[in-house]
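Worksheet: one structure, shown below.
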């Protein structure tokens, strides 16, 4: 298969698409390693969809580190009770028991679950382990417009579950040459989901993150490599290195409140629009 044919397949060009506009669009935000802006992207894209696009948005935390809850601590209630692990392990819980509204209109999140790392190991022995999340997400599709899945920073069972439950995959890539290899490995997993699981998963795009104009030589090299390898799969919008994005996470407040006109907030606000344009074009 040629590179152009592979990119068309990854993007779902020419494949059958669903015209059901009454079901939530599910986006898995996935990366092979940590530190590339995966959770930052999932959190701020969810906030932008809710605040600026007016879409009922659910952010599902599949990363046992609990960084989603920490990033939104000031707008999220303390949550005690059922967890995503309870659902995945078949303990009779439903998605409604772990979904909680935030103080941001239109935005809900799932409870943080520090037990997900152990759950991932247990899942490895289950029959049909790749599809355990799909039924849970299906229950929530009628209640939301957009569902974002923040995957763990690896290519294990939980990430595979997210991809098997999602319509689209969004892949952050920071300006490290090593991240290029990580993108390639993740796209192989996408192709595996398409081929072996028979799931119509599309790559929504590859998102350049932590773009540093001060270190332009390396940044330009990575951006050029992404453009050469993946062409139109690369988002037009890039996420810059921005101190307020980090400060917002530390304080647990939305960057749109902390620094609403800054380039970090602006980049994620514009990314939300580009994501919706790509979804519309795919359908």
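Would you please give the FRET efficiency between residue 216 and residue 263, computed as 1/(1 + (r/R0)^6) with r the Cβ-Cβ distance and R0 = 22 Å, to the nearest 0.05? All intermediate terms of the calculation are to be shown ahead of the outcome.
Numbers: r = 16 Å, r/R0 = 0.71.
After rounding to 0.05, the efficiency reads 0.90.
Nearest 5 is fine: what % of DSSP beta bridges in segment 53-173 come out antiparallel, could you say? If you can, show how the numbers build up before the last one.
Numbers: 3 of 11 bridges.
Of all bridge pairs located within segment 53-173, approximately 25 percent are antiparallel.
Provide the three semi-axes, in whole Å and in decreasing order, of the ellipsoid equivalent to segment 21-282 as defined by the square roots of 5 times the Cα gyration tensor eigenvalues. Present the calculation step by step, with values, prior to reporting the outcome.
Numbers: eigenvalues 141, 98, 57 Å².
Equivalent ellipsoid semi-axes, largest first: 27, 22, 17 Å.
Over segment 41-190, one equal point on each Cα, no solvent: what is log10 I(q)/I(0) by the Debye formula at q = 0.08, 0.09, 0.16 Å⁻¹?
Calculated log10 I(q)/I(0) at the listed q: -0.21, -0.27, -0.88.
Restricting attention to the alpha-carbon atoms of segment 165-250, what are Rg (one decimal) and Dmax (integer), both in Å?
Cα radius of gyration and Dmax of segment 165-250 are 14.4, 44 Å respectively.
Please report, in whole Å³, the volume per residue of the convex hull around the C-alpha atoms of segment 1-130. Mind showing how you got there, number by number?
Details: hull volume 22.5 nm³, N = 130.
Measuring per residue, one finds 173 Å³ for the Cα hull of segment 1-130.
Can you give me the Cα centroid spacing of segment 18-68 and segment 213-261 in angstrom?
For segment 18-68 versus segment 213-261, the Cα centre distance is 16 Å.
Among DSSP bridges having both ends in segment 21-282, what percentage is antiparallel? Round to the nearest 5.
Numbers: 3 of 28 bridges.
Bridges in segment 21-282 that DSSP calls antiparallel: roughly 10 percent.
A short reminder: the numbers here are calculations on the coordinates, not readings from a lab. Quick caveat, the model's predicted, so the values are computed rather than measured. Note that each Cβ is placed from the backbone with ideal geometry, even for glycine, and that neighbours are counted across all protein chains shown.
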